[in-house]
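The values are calculated or read from the model by the stated rules, or taken from the named source; none is laboratory data. Because the structure is predicted, anything quoted here is derived from the model rather than measured. Backbone-built Cβ (ideal geometry, glycine too); neighbour counts: all protein chains shown. Accessible surface areas use protein heavy atoms only, side chains included; no ligands, DNA or RNA. Shrake-Rupley method; radii C 1.70, N 1.55, O 1.52, S 1.80 Å.
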Amino acid sequence: MSDVRHYLTVFGYYAKLAIQRQLEYPLFLVSWLLMIPTQYFAGVWMLRIIVDRFQPLEGWAFDDLAFLYGLGLLSHGLVVVFFIPTWGTEFAVIRGEFDRLLLRPMNVFFQFITGYFNFIGLIDLIPGVVIFLYAAHAVDFVWGPGNVVKLALVVIGGLFIRGSLYTIVGAVAFWTKRSRNLINMSVATLERTTMYPLTLYPHAVQAVLTFLFPIGFISFYPAESFLGKTSSLELPLGMAIWTPIAGIVCMAVAYTIFRMGLRKYESAGS
């Protein structure tokens, strides 16, 4: 228990310092506040255009798609806050930043992840919250205690799934010294695959996005459950349970791969 308290205290100090650094540049905060919501509100507007001009996607009307999109954006906003260092693993490896982390008597993965608390990343949550609240009202989502708990579990599980995928892809840099392009591709893939119903894709792709890279558990399968649609994947218990389970399993795999990569770390070159 004392170790947990110690780690939480260290995280608190890291977060405080990170917030102070980020608030030194208020204009950057303002530009981020203008840019990010515009990007994601444009995304939901494109969904409206697609549905209005053509037809519902696999039986998903606009309100359903907005619910799916907003649900996915909630975990996206959180992963930008808590796991943003994984996007820069390549630079940390090349610059030898793991040298000082290895010298400290603390878990290296914990230090790496918590070393930069992306306070500005909370702005990414704004469009997610707005879109989800709008869609929840439109589809008559019931805000009962049970659904609120399920929603929290799904968002946390989605956070772990996203964070683990970025950790794994970023860890490639331990072997290749490069992973930025893979990170960019992963970010784009996650944005696209959580934006549309998984049933739009061929069965082989659906299987990959369910069992190999469990992206479908981030928003699609939970959204099906919340919206009362026919389930595309029959599992015991509900998706509110399976999403965090998938997230925990993914994080365990990601941590193992990160540790394996750390053993290949060669410090900075001259």
Checking I156 against (1) within 13 Å of the chain's Cα centre (by Cα); (2) open to solvent by less than 50 Å² (accessible area, probe 1.4 Å), which test does it fail? (2)
Under 19 Å from the mean Cα position of the chain (by Cα) and modelled with pLDDT of 90 or more, is that true of I248? yes
Checking G12 against (1) open to solvent by less than 60 Å² (accessible area, probe 1.4 Å); (2) farther than 17 Å from F82 by Cβ; (3) of a type outside the set (A, V, I, L, M); (4) without any contact (Cβ under 8 Å) to a residue 40 or more places away in the chain, which single condition isn't satisfied? (2)
Go through the stretch 15-36 and give me each residue that's touching a helix residue (DSSP H, G or I) at 6+ places or on another chain (Cβ under 8 Å), open to solvent by 80 Å² or more (accessible area, probe 1.4 Å) and over 30 Å from P105 (Cα atoms). F28, L33
Taking the stretch 194-214 and keeping only residues that are without any contact (Cβ under 8 Å) to a residue 60 or more places away in the chain and either out of contact with any helix residue (DSSP H, G or I) (no Cβ under 9 Å at 6 or more places or on another chain) or part of a helix (DSSP H, G or I) (or both), one is left with L198, P202, H203, A204, V205, Q206, A207, V208, L209, T210, F211, L212
For the stretch 21-47, name all the residues that are farther than 29 Å from A66 by Cα, under 24 Å from the mean Cα position of the chain (by Cα) and free of Cβ contacts under 8 Å to residues at least 60 places away in the same chain. R21
Result of the Cβ filter at 7 Å on the stretch 102-129, keeping first residues that are without any contact (Cβ under 8 Å) to a residue 60 or more places away in the chain and among the basic types (K, R) and partners that are surrounded by 15 or more Cβ atoms within 10 Å (Cβ to Cβ) and assigned to a helix (DSSP H, G or I), at least 6 apart or interchain, is R104/Q111
Answer yes or no: is there a residue in the stretch 224-246 that is among the hydrophobic types (A, V, I, L, M, F, W, C), surrounded by 15 or more Cβ atoms within 10 Å (Cβ to Cβ) and touching a Pro at 6+ places or on another chain (Cβ under 6 Å). yes
